[in-house]
Amino acid sequence: MKAYVANGLFSLADRRVNERCAALIRERVPGIDLYVPQENPDINDKTKCATSEQIAAADLHALDEADVLVAWLDGVEIDAGVAAEIGYFASKNRPIIGIFTDVRQQGTDQAEKIARLTSDPTENQFVYRNLFVVGLIKRNGRIVQTIEDAAEAVARVAKGERIDA
């Protein structure tokens with residue numbers, strides 16, 4: 001089975017979380033062929049030069065080969081490259097696992113937060129994700145809140161099980 005991990009890769013935090021996610025998926029699904037763009041030195045060794053076309057060709061090839069996409073949804077907004085990868089992969093009707101760890105998911109049933117939002121939208125205690133991108137994920141996949149849950153979902157895909165809703 002082949003999988004693709006989509007996330008930003010330019011900050012230390014992103015690279016570290018990508019390493020942790022990849023390690024856990026590889027542990028849960030032995031023998032998986034896992035593409036993590038930051039591990040591709042041909043396009044992501046930033047001491048060298050890779051053109052936009054080379055980057056697109058390498059990542060699109062890996063997306064075309066992948067059976068499942070694992071996509072990070074954290075950040076102020078979903079990373080532009082990740083959103084593009086989700087959109088492209090969704091057209092293949094293959095499973096997508098979104099990972100969304102934002103702590104603002106907590107307390108969604110808290111009455112005072114809801115009341116403040118209702119009376120003043122600038123007091124939004126929650127978080128917004130682009131609903132088109134979320135919808136693309138939910139068509140054939142699901143959104144999880146931990147790396148462990150994502151690795152488990154990849155393992156389920158490897159076994160031929162459905163992961164949507």
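The values are calculated or read from the model by the stated rules, or taken from the named source; none is laboratory data. In this text, all values refer to a predicted model and were calculated from it rather than measured experimentally. With ideal geometry, Cβ positions are generated from the backbone for all residues, glycine too; neighbour counts draw on all protein chains shown. Keep in mind that these areas ignore ligands, DNA and RNA; they rest on the heavy atoms of the full protein, side chains included. Shrake-Rupley method; radii C 1.70, N 1.55, O 1.52, S 1.80 Å.
Here are some notes:
- Label-point separation, Glu27 to Asp64 (7 Å along Cα→Cβ), nm: 3.5
- Sequence-distant residues sharing a close amide H with Asp67 (under 5 Å, placed H): Lys2, Ala3
- Here Val17 sits with roughly 40 square angstrom of accessible surface, probe radius 1.4 Å.
- Across the chain, the convex hull enclosing all Cα atoms gives 125 Å³ per residue.
- Efficiency of FRET between Thr51 and Lys159 - r from beta-carbon atoms, R0 25 angstrom, step 0.05: 0.05
- Highest GNM mean-square fluctuation among Phe132, Phe100, Phe89, for the chain modelled with Cα contacts below 10 Å: Phe132.
- Amide H to amide H, with H built 1.01 Å from N, Val144 comes under 5 Å of Gly98, Ile99, Phe100, counting only residues 5 or more places away or on other chains.
- Each residue of the stretch 108-123 was assigned a 3J(HN,Hα) from its phi angle through the Karplus expression (A = 6.51, B = -1.76, C = 1.60, θ = phi - 60°), giving 5, 9, 6, 4, 5, 4, 5, 4, 5, 5, 5, 7, 8, x, 6, 9 Hz with x at Gly and Pro.
- Along its first, second and third principal axes, ordered by size, the stretch 87-155 spans 42, 25, 13 Å in Cα coordinates.
- Stretched out straight at 0.36 nm per residue, the stretch from Glu148 to Ala80 would grow longer than its current Cα-Cα span by 22.0 nm.
- Whole-number percent relative contact order across the stretch 49-165, with pairs defined as alpha carbons under 8 Å at least 6 apart: 28
- Solvent exposure of Ser11, expressed as accessible area, is near 50 Å², computed with a probe of 1.4 Å over the protein chains only.
- Across the stretch 65-82, computed HN-Hα scalar couplings (Karplus, 6.51 cos²θ - 1.76 cosθ + 1.60, θ = phi - 60°) run 7, 6, 8, 8, 10, 10, 10, 7, 10, 6, x, 4, 9, 4, 3, 4, x, 5 Hz from first to last residue, x flagging Gly and Pro.
- When you work out D = kT/(6 pi eta Rh) for the stretch 29-87 at 37 °C and 0.692 mPa s, using the Kirkwood radius from C-alpha pairs as Rh and the Stokes-Einstein form, the result is 256 µm²/s.
- Sorted peptide list for 106-113, 75-82, 30-37, criterion being average Cβ within 10 angstrom, highest first: 30-37, 75-82, 106-113
- Taking amide H atoms as placed 1.01 Å from N in the peptide plane, the amide H of Ala6 lies under 5 Å from those of Val70, Ala71, Trp72, each 5 or more residues away in sequence or on another chain.
- Put a plus charge on the Cβ of each Lys and Arg, a minus charge on the Cβ of each Asp and Glu, and nothing anywhere else: the dipole of the stretch 48-165 about its Cα centre is then about 300 debye.
- Listed residue (Thr118, Leu69, Ala13) projecting farthest to the positive dipole end of the stretch 1-143, Cβ model: Thr118
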